[in-house]
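The next block holds one structure in the form of structure tokens; read it before the comments.
The numbers here are math on the coordinates, done by the rules we state, and not lab data. A quick note: this is a predicted structure, and the numbers were derived from the prediction, not measured. Cβ atoms come from the backbone with ideal geometry, glycine included; neighbour counts cover every protein chain shown.
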Amino acid sequence: MKLRKLVFALALFLTVPGFNSANAEMSDKVKQGEDKECDCEQQEHMQKDWQAKIKEREKNLLSWVDQYTPDKKAEWTKVLEEKKALRNQWLSPEFAEKREKWKQEKMSKIQDLKKQFEEGKLTKEEFVKQAHGGKDFGHFKTYHELNNAVAAKDKKQAAALLNQLLEQSKQHNEKMKEMMNK
């Protein structure tokens, strides 16, 4: 019995430094940002997944509109088509310069906010809110709540959330138009 304990203690004694050094190496790589080459094929799949997710979300929305607010079907269809057209226009080559300028401004703002956060001038919540331009991403929350209401078969709540999401989508389309007209 004592021999087993001795062997176990010896094995533990020899392996712990190895685990510790492996952990230190991993944390150093994480801190340095570990330079690695772009895996464009993986990014392409992510892009396809993103587009499929949007299509699925639109399909769900339209089926829920049919079910809970059929009187607003035409308005929903118009808003979703406008959103798609605005997104395609924004991603077109004619807006490449504006997109790049917008991205650079946004990244510069985020770097400034990051410095303020690191200096202790901002809380984490303030940093996140300001980094996202004051947006609270209500449409994501509303969609999630709508999904839950549909799963719970709460017709009244689903109809109210669809109307709220419709207004949020209209506001988003207006913001996109403003960005493109700058």
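Values for this structure:
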{"item": "Distance in nm between pseudo-label sites at Glu94 and Ala151 (7 Å out along the Cβ direction from Cα)", "result": "4.2 nm"}
{"item": "Residue list for the range 151-182, given a label point 7 angstrom along the Cα-to-Cβ vector of Arg87 and an amide N cut-off under 18 Å", "result": "165-180"}
{"item": "Inter-label distance, nm, simple model (7 Å from Cα along the C-beta direction), Lys121/Gln104", "result": "2.3 nm"}
{"item": "Packing-based ranking, highest mean first, of 115-127, 166-178 given that Cβ atoms within 10 Å are counted", "result": "166-178, 115-127"}
{"item": "Cα shape, the range 46-182, gyration tensor, a/c 1.5 rule", "result": "oblate"}
{"item": "Extended-chain gain in nm, criterion 0.36 nm per residue less alpha-carbon gap, Lys129 and Asn163", "result": "9.7 nm"}
{"item": "Hz values of 3J(HN,Hα) by residue in the range 62-73 - Karplus curve (6.51, -1.76, 1.60), Gly and Pro given as x", "result": "5, 5, 5, 4, 4, 7, 10, 9, x, 5, 9, 4"}
